[in-house]
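Handing you a structure now.
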Amino acid sequence: MSLLPYALARPFLFGLDPETAHELTMASLARTQGTPLSALYCSSKVSDPIELAGLKFPNRVGLAAGLDKNARCIDGLAAMGFGFVEVGTVTPKAQPGNPKPRMFRLPEAHALINRLGFNNDGLDAFVANVQKSSVRKPGAKSTLLLGLNIGKNAATPIENAVDDYLICLDGVYPHADYVTVNISSPNTKNLRALQSDEALDALLGRIAERREALASQYGKRVPIFVKIAPDLDDAQIEVIAATLQRHAMDGVVATNTTLSRDAVKGLRHAEEAGGLSGAPVLAASNRVIRQLRAALGKDFPIIGVGGVMSGADAVSKIRAGADVVQIYSGLIYKGPALVAEAANAIKKCF
């Protein structure tokens, strides 16, 4: 159990600029993971195993990509009791992302807006950090599953995006329990165009082809998930579902941040450009999950993410059709205790 109630740390962190608070938190995690100081945030892992996409998840609560973009804090995050952790998004080359300021809190709505823009240290540094993680060492007793999330560089023309995804897939494949193809960030120009019919078909076709070659090369088949946006209409969701199945993708992550501001109108920072996450995304994300489940059938794996701020929210994701859930903004607002709260709530209800 954590020795430091998050309620004591949050006022200090919320007194800082959001990105400064984020960087301080991640730096602290990186320094303390694997040391006695990790007792400040560690928690026992709720046991609620589920098999999905050929993987055994220790419980149904994971960390969404975006918090640990450079895979520096895998061990520290594992200590919080997550069943699985997804790190990234990584791009082939290092890039600074969009100009600052680029993160904003909307505390009245338990929400965040970010326009970070895939800021990261690049593929080589990312893979090196994954390899340093204690939970990934040969013989490690950890049951944590690790997802590696891949994207394209901002400078890469959208017509050449597939090249970036294939470079990243080649690099992360041998180190991942699963790989997530991120085509839904609103903060890289034209990226969401890859969710359209022809573009998605072409991208997933090439990824599926490369996946077969990599499976043969490494003697293992790593599941591939695709992360989509909440800002999709019914027809778009139907097309995406059909395309995922046509190219034998292993699952879908639903959803990323939203461009909609309907739920936060009038609040400070509400009109900042970027993706809105947190509580206001719950309903939109669950709508997409419900339609995906109807279109994909009962056995296609769905990771539900968006607006999980409580155990009840996590349960709502499973009831909407998700198999497992991820949190990010909830961790910022509620702290590490949310992991066990959500995992226990799901275990009790299902």
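The values are calculated or read from the model by the stated rules, or taken from the named source; none is laboratory data. Only a predicted model underlies this, so the values are computations on that prediction, with no experimental measurement involved. Note that we place each Cβ from the backbone using ideal geometry, even for glycine, and neighbour counts take in every protein chain shown.
Consider the stretch 306-350. How many of its residues are in contact (Cβ under 8 Å) with a residue 40 or more places away in the chain, under 26 Å from F104 (Cβ atoms), crowded, with 22+ Cβ neighbours inside 10 Å and among the small types (G, A, S)?
Qualifying residue count, the stretch 306-350: 5.
Further, regarding this structure: Does at least one position in the stretch 225-239 carry a residue that is without any contact (Cβ under 8 Å) to a residue 40 or more places away in the chain, at positive phi and not in a helix (DSSP H, G or I)?
Checking the stretch 225-239: not a single residue is without any contact (Cβ under 8 Å) to a residue 40 or more places away in the chain, at positive phi and not in a helix (DSSP H, G or I).
Filter the stretch 275-289 down to residues that are in contact with a strand residue (DSSP E or B) (Cβ under 7 Å, 6 or more places away or on another chain), farther than 9 Å from L112 by Cβ and of a type in the set (G, A, S), then give me how many there are.
3
Moving to a separate point now. Which residue, of A279, A283, A273, A295, is modelled with pLDDT of 95 or more, surrounded by fewer than 21 Cβ atoms within 10 Å (Cβ to Cβ) and in contact with a helix residue (DSSP H, G or I) (Cβ under 7 Å, 6 or more places away or on another chain)?
Answer to the selection: A295.
Let me ask you something else. Among (1) of a type in the set (S, T, Y); (2) without any contact (Cβ under 8 Å) to a residue 40 or more places away in the chain; (3) not in a helix (DSSP H, G or I), which single condition is S216 missing?
That leaves (3) as the condition not met.
Scan the stretch 246-282 residue by residue and report those that are part of a helix (DSSP H, G or I), farther than 22 Å from R319 by Cα and not hydrophobic (A, V, I, L, M, F, W, C).
R246, D262
While we're here: Given the conditions (1) in a helix (DSSP H, G or I); (2) at pLDDT 95 or above; (3) over 16 Å from the mean Cα position of the chain (by Cα), which single one is not true for V135?
In the conditions (1) in a helix (DSSP H, G or I); (2) at pLDDT 95 or above; (3) over 16 Å from the mean Cα position of the chain (by Cα), V135 misses (2) alone.
Further question on the same structure: Quick one: count up the residues across the stretch 115-146 that are surrounded by fewer than 13 Cβ atoms within 10 Å (Cβ to Cβ) and closer than 28 Å to L276 by Cα.
Qualifying residue count, the stretch 115-146: 0.
With L203, L194, L232 as the choices, which residue is out of contact with any Leu (no Cβ under 7 Å at 6 or more places or on another chain), closer than 24 Å to R293 by Cβ, crowded, with 21+ Cβ neighbours inside 10 Å and among the aliphatic types (A, V, I, L, M)?
The conditions single out L232.
Now, a different point. Mind checking whether some residue in the stretch 168-190 is surrounded by fewer than 16 Cβ atoms within 10 Å (Cβ to Cβ) and among the hydrophobic types (A, V, I, L, M, F, W, C)?
Scanning the stretch 168-190, I find no residue that is surrounded by fewer than 16 Cβ atoms within 10 Å (Cβ to Cβ) and among the hydrophobic types (A, V, I, L, M, F, W, C), so the answer is no.
Let me ask something else about it. Please go through the stretch 92-114 and give me each residue that is part of a loop (DSSP other than H, G, I, E, B) and crowded, with 21+ Cβ neighbours inside 10 Å, ordered by number.
Listed by number, the list holds a single entry, P92.
Take the residues in the stretch 290-341 that are within 13 Å of the chain's Cα centre (by Cα) and in a loop (DSSP other than H, G, I, E, B), then tell me which one is nearest to K227 (Cα to Cα).
In this case the residue turns out to be G306.
Just name the residue that is nearest to I74 (Cα to Cα) out of those in the stretch 151-184 that are in contact with a Lys or Arg (Cβ under 7 Å, 6 or more places away or on another chain) and of a type in the set (S, T, Y).
Residue satisfying both the conditions and the ranking: T180.
A further question follows. Could you please let me know if P174 is within 28 Å of V325 (Cβ to Cβ) and either modelled with pLDDT of 95 or more or assigned to a loop (DSSP other than H, G, I, E, B) (or both)?
yes
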